[in-house]
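What follows is a set of notes on a single structure, which appears directly below.
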Amino acid sequence: MTEKQEVASAKTGEVRPADGQPETALYPPVDIYEDADGIHVQADMPGVSRDRLTVQVDRDTLLIEGEAKIQMPEGMNALYADVRSTRYRRSFTLSSELRFEAIEANLKDGVLSVRIPKREEAKPRRIEVKTQ
Amino acid sequence: MFESLFSGESRLFDEFRRMERQMDEMLGRWPWPAGIRSAARGAYPPINVGATADGVDIYLFAAGLDPKAVEISVQQNLLTVSGSRQIPAKEGVDYYRQERYSGEFRRVITLPDDVDPDRVDARYRDGVLQITVKRRETAKPRRIEVK
């Protein structure tokens, strides 16, 4: 099951079947903003290290996926759990004025930052208003 | 899925899943008592707590935290973690979404009675703050030799 969403539109949770068992992926909270150069996405994905993170573009869909790994001693019993999955997954549909091939991603302390630059011709230009 | 990926570490998550099932069963018997100091679901940061024979491990899922901005204190069996995660809003940009938590936080966790408040250790890695509180030596299960 693939799920898409427009940048700046509503979201829904996602349930993926894995090994016949329904597996709920965590929906990482994101901040998305746009400046003159492009769109910036920041996502909280605590527990994910660089080697367990995937940021990929398939056609016009930006997919962010990560697998959290936390260090646990042998023989641990859970007493309480807010977080009940280790998989993060979220996707966004990109629009054509963005340069998909120039996407940059950075991960620091569990915060993923993705920068999607705009095509040169899509950058805002100031229109001079002429007076007669 | 976890089983296949981290077979050695799957037990905790199996346990979470079992708890989740139990909670679902309990939902039919609402209201059940909640911890008097427990936070509402969705409180920041989310925490998981696991116990071993040696101690209790508390995991706070708090990405992008400045470890210096976190205060951890243990009084008897109450662990308090407070701090702040500030995400300054960028000037001169258009925001489409602002879902990430910004601001102060405080969570209080009731630990088992046999923990030793003097043996607390905390590490921050990949956005997860792990606090380990050891149990008192006398409280550890001991194997009694049968002579």
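Just so it is clear, none of the values below were taken in a lab; they were calculated from the coordinates. Worth saying up front: this structure is predicted, and the values here are computed from it rather than measured. All Cβ positions, glycine included, derive from the backbone under ideal geometry; neighbour counts span all protein chains shown.
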Once you have all Cα-Cα distances for region B:40-139, histogram them in 5 Å bins from zero and send the whole-percent values. 2, 12, 23, 21, 16, 11, 7, 4, 3, 2, 1, 0
First measure r as the distance between the Cβ atoms of A:Ser96 and A:Arg125, then evaluate 1/(1 + (r/R0)^6) with R0 = 22 Å and state the FRET efficiency to the nearest 0.05. 0.75
Hey, got a sec? Which trypsin sites (Lys or Arg not before Pro) in region B:43-145 land in a DSSP loop and have at most 16 other Cβ atoms within 10 Å? B:Lys90, B:Arg136, B:Arg142, B:Arg143
Pseudo-spin-label distance B:Gln76 to A:Arg115, built 7 Å along Cα→Cβ, given in nm, is 5.3
Taking R0 as 22 Å, what's the FRET efficiency between B:Arg125 and A:Thr54 from their Cβ-Cβ distance, rounded to 0.05? 0.65
